[in-house]
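Structure record follows, encoded as structure tokens.
The values are calculated or read from the model by the stated rules, or taken from the named source; none is laboratory data. Because the structure is a prediction, the values reported are computed rather than measured. So basically every Cβ, Gly included, is an ideal-geometry build from the backbone, and we count neighbours across all protein chains shown.
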Ligand SMILES: Cc1cc2nc3c(=O)[nH]c(=O)nc-3n(C[C@H](O)[C@H](O)[C@H](O)COP(=O)(O)OP(=O)(O)OC[C@H]3O[C@@H](n4cnc5c(N)ncnc54)[C@H](O)[C@@H]3O)c2cc1C
């Protein structure tokens, strides 16, 4: 049973008691230890390399250590059934779940078919589960990435490339058709810019096909790119003209260093904003743009940035928009920013956790990104560690 939420109150994001209500004292201390370890940049660098190597060499003890620590913090389980406990837990606190199978960048046809089958399983699982409205997917898990790169560069396709590309379109269409039939949303993640144009074209076609009455397919906009606010505006105009609902997940973007390094190495202008302030500005403008058109844009503020979340909360309250309108959504990653998720949920806003699942070897890249994100660059404490510390102090443990 889900707890009653109170949609007359405003969320108090400083309330760590609500934020960590789902954690026992033991679990809280485990989280504290993990975030303390991740706070150390050197340790994260060494740990990431060791983890990758050990998994390649199939050293079972490393998998076992990861499963009890970093995997437990950030993932839902190794398969769908394994995730049920986390899903129920979130639901009991009024938060939904967005399932995300962790496989990334596969190449062999059978692996790609398997990833598609897993996506369809997740869609069926979501349809039978009230608190899983959406599943997420990475297109790079469904196609040989070189084919996407060639497509974007308008490089002529060989016969083999064409066959691979057609098979990929079949996979993603099959999944979206199923999602449409079962009324489950699909968030399509944004990835590296050298494949993103090719992916955007496909996602737009999918929205045209499946978003006529309800948002089923959502594209992701990385606002750390200087061209994405304009693209969001243009995509809205296209959706308005063609008569479908634009599905938009807004994020800041996860591949900044990689993008900048590649642009520098290959001598083209970086697609990334000049600084963090520019990313923040476009992010908030993008959210405001969607809010002003929320009947035609179903969107998700997918962020751990409290200022961006607070701004959207203030706008919903000020304009007296229904907090539970299906087009107004927030989302955080499992294991992070519980102060945002559970305080939004307690105040009746639509909020979900992205719950990544899969075998440890398949989610290792994802876990490394989480570790890097929680490393303090300038020596101060990471956001998550200070929150956990506050709650440890409040409980006196
Ligand atoms: C539910 C969910 C789904 C996500 N899905 C995706 C996805 O599909 N694709 C994807 O790429 N990422 C995705 N992310 C990750 C996301 O892009 C961010 O990396 C992460 O959420 C941190 O950003 P933030 O908004 O939480 O806030 P903050 O912590 O305030 O912002 C950090 C972000 O700001 C940007 N930034 C930092 N320094 C600079 C700088 N000097 N110049 C310009 N920009 C800078 C970077 O994007 C950095 O990640 C997702 C995140 C969530 C919560």
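Selection of the range 132-141 for residues being at pLDDT 95 or above and away from the ligand (no atom under 12 Å from the Cβ) yields 132, 133, 135. Report yes if residue 353 is at pLDDT 95 or above and over 23 Å from residue 93 (Cβ atoms), otherwise no. Criteria not met by residue 353. The criterion of being over 17 Å from residue 306 (Cβ atoms), in contact (Cβ under 8 Å) with a residue 60 or more places away in the chain and within 14 Å of the ligand (Cβ to nearest atom) holds for residue 365.
Yes or no: residue 227 surrounded by 15 or more Cβ atoms within 10 Å (Cβ to Cβ) and at pLDDT 95 or above?
On the way: surrounded by 15 or more Cβ atoms within 10 Å (Cβ to Cβ): no; at pLDDT 95 or above: yes.
Judged against the criteria, residue 227 is not a match.
Confirm whether residue 309 is farther than 30 Å from residue 121 by Cα, within 11 Å of the ligand (Cβ to nearest atom) and in contact (Cβ under 8 Å) with a residue 24 or more places away in the chain. So residue 309 fits the description; yes.
Among the residues of the range 106-128, write down those that are outside any helix (DSSP H, G or I) and crowded, with 17+ Cβ neighbours inside 10 Å.
Step one: list which residues in the range 106-128 are outside any helix (DSSP H, G or I), which gives 106-108, 128.
106, the sole residue that qualifies.
With the requirement that a residue be out of contact with any helix residue (DSSP H, G or I) (no Cβ under 8 Å at 6 or more places or on another chain) and either touching a residue at least 24 places away in the same chain (Cβ under 8 Å) or not in a helix (DSSP H, G or I) (or both), what does the range 157-185 give you? So that I can check it myself, show each step before the final result.
Within the range 157-185, the first condition is being out of contact with any helix residue (DSSP H, G or I) (no Cβ under 8 Å at 6 or more places or on another chain), and the residues that meet it are 158-160, 162-163, 166, 170, 181.
Within the range 157-185, 158 is the sole residue that qualifies.
If you go through the range 1-27 and keep only what is part of a helix (DSSP H, G or I) and in contact with a helix residue (DSSP H, G or I) (Cβ under 6 Å, 6 or more places away or on another chain), you end up with 16, 18, 19.
Kindly indicate which of 282, 261, 275 is without any contact (Cβ under 8 Å) to a residue 60 or more places away in the chain, under 18 Å from residue 196 (Cβ atoms) and within 11 Å of the ligand (Cβ to nearest atom).
On the way: 261 fails: within 11 Å of the ligand (Cβ to nearest atom); 275 fails: under 18 Å from residue 196 (Cβ atoms).
Result: 282 is the single residue among 282, 261, 275 that is without any contact (Cβ under 8 Å) to a residue 60 or more places away in the chain, under 18 Å from residue 196 (Cβ atoms) and within 11 Å of the ligand (Cβ to nearest atom).
Only one of the listed residues (352, 315, 347) is more than 13 Å from the ligand (Cβ to nearest atom) and touching a residue at least 60 places away in the same chain (Cβ under 8 Å). That residue is 347.
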